[in-house]
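Got a structure here, written out as structure tokens. Questions coming.
The values are calculated or read from the model by the stated rules, or taken from the named source; none is laboratory data. Fair warning: this is a prediction, and the values are worked out from it, not measured in the lab. Neighbour counts are summed over all protein chains in view; Cβ atoms, including those assigned to glycine, are modelled from backbone coordinates with ideal geometry. Surface accessibility is based on the protein's heavy atoms, side chains included, excluding ligands, DNA and RNA. Shrake-Rupley method; radii C 1.70, N 1.55, O 1.52, S 1.80 Å.
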Amino acid sequence: MGTAVTHAPATEAPARDSEPRHGPVKSPRPAALKRRGRRENLAGYLFMSPWIAGFLLLTAGPMIASLYFAFTDYNLFDAPRWVGLDNFSEMFADPRWRHSVQVTLWYVAVGTPIKLIAALGVALLLAQKRRGQAFYRAAFYAPSLIGASVSVAIVWKAIFSDDAIVDRTQKLFGVDVGGWTGDPDLIIYSLVALTVWQFGAPMVIFLAGLKQVPRELYEAADVDGAGRLRQFWNITLPVISPVLFFNVLLETIHSFQIFSSAYIVGGGAGGNACGPADGTMVYTCYLYVQGFENSRMGLASAMAWMLLVGVALVTAVLFWSQKRWVHYEEGGR
């Protein structure tokens, strides 16, 4: 018999450790994560510190101080004396204060719609492709960059003064009313003309909105026989209504804040600071007179907070009304 050869059973090779030789990767400890998060937060606060300092020193601090001064008798020289609601009582009883409110509301109600109509009209013209379009856009936008400057207000006052360009032009048409800046009833119209002249900023926003109107809607309206006016009313206005609401809100708030042009065109410092017979006595102009010319800083602070409350109420009304006429892309209002 042959000798049986037996083979030793093959032994399995030891499985290699799937873990790296240096051991398993350890996740960062919670304490290390916290330290890293604190360092990152500290870096963020360091970058934000200039803005925070400016906000606290130049915005929040003066607002808190103004709120305190509104309940005091403060003349910039003596220590403020607490008087409670006396400043507000005196303000509501002041006929010049009521006149400034009326002038401001008239200016906002007349100047803002005319400015927006002019901006939308020019935007509709510039939305069409034509030669020199970039030049026209820049030319119409330029007044909004320089319109609020003191130098432009001085030039505007000269243009509307006696025997100036406007006076001579209207005399050619048989209208002899003299310069507008010297007439208490006409000087406010020169401010309206100045604000309408600065329609460049809302015009650019309207242009951006008009580019978002789908051309297919106009093509379908042409097939249905709709005219230009009907297309504008039923297509253009609903589509750009969010842009229109934004411009209405922004320009309304801006109109309530008018000061430099009213002060310069009205005559500047002195007894005639806000125009002849208070013709340009807008709210901020009277606030300036009380605070810096009459040294009634406590009363001026009370007037400033009333202006803030008034603008907030107008803004709230605008936001409430936009539910009825602003159409958003999702179909909601």
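Within the range 202-218, can you find the residues that are in a helix (DSSP H, G or I) and either basic (Lys, Arg) or open to solvent by 40 Å² or more (accessible area, probe 1.4 Å) (or both)?
Val204, Ile205, Ala208, Arg215, Glu216, Leu217
Hey, any hits in the range 271-286 for a residue that's under 27 Å from Gly200 (Cα atoms) and open to solvent by 20 Å² or more (accessible area, probe 1.4 Å)?
yes
I would also like to ask the following. Which one of Asp73, Asp94 is touching a strand residue (DSSP E or B) at 6+ places or on another chain (Cβ under 9 Å), under 18 Å from Met306 (Cα atoms), among the acidic types (Asp, Glu) and modelled with pLDDT of 90 or more?
Selected residue: Asp73, the only one of Asp73, Asp94 that is touching a strand residue (DSSP E or B) at 6+ places or on another chain (Cβ under 9 Å), under 18 Å from Met306 (Cα atoms), among the acidic types (Asp, Glu) and modelled with pLDDT of 90 or more.
Determine which member of the set Arg130, Arg137, Arg98, Arg168 is at negative phi, not hydrophobic (A, V, I, L, M, F, W, C) and not in a helix (DSSP H, G or I).
Values: Arg137 fails: not in a helix (DSSP H, G or I); Arg98 fails: not in a helix (DSSP H, G or I); Arg168 fails: not in a helix (DSSP H, G or I).
Only one candidate passes the filter, namely Arg130.
Still on this structure, please answer the following. If I filter the range 167-196 down to residues being surrounded by 17 or more Cβ atoms within 10 Å (Cβ to Cβ) and polar (S, T, N, Q), which single residue comes out as nearest to Ser144 (Cα to Cα)?
Thr195
Of the conditions (1) over 29 Å from Ala277 (Cβ atoms); (2) out of contact with any Phe, Trp or Tyr (no Cβ under 8 Å at 6 or more places or on another chain); (3) not in a helix (DSSP H, G or I); (4) not hydroxyl-bearing (Ser, Thr, Tyr), Gly54 satisfies every one except a single condition; which number is it?
(3)
Please find, within the range 220-262, the residue that is modelled with the lowest pLDDT out of those that are among the hydrophobic types (A, V, I, L, M, F, W, C) and in a loop (DSSP other than H, G, I, E, B).
Initially, the range 220-262 is screened for residues among the hydrophobic types (A, V, I, L, M, F, W, C), giving 220-221, 223, 226, 229, 232-233, 235, 237, 239-240, 243-246, 248-250, 253, 256, 258-259, 262.
Subset that is in a loop (DSSP other than H, G, I, E, B): 226, 240, 258-259.
Values: Ala226: 85, Ile240: 92, Ile258: 92, Phe259: 92.
Filtering the range 220-262 for residues that are among the hydrophobic types (A, V, I, L, M, F, W, C) and in a loop (DSSP other than H, G, I, E, B), the one modelled with the lowest pLDDT comes out as Ala226.
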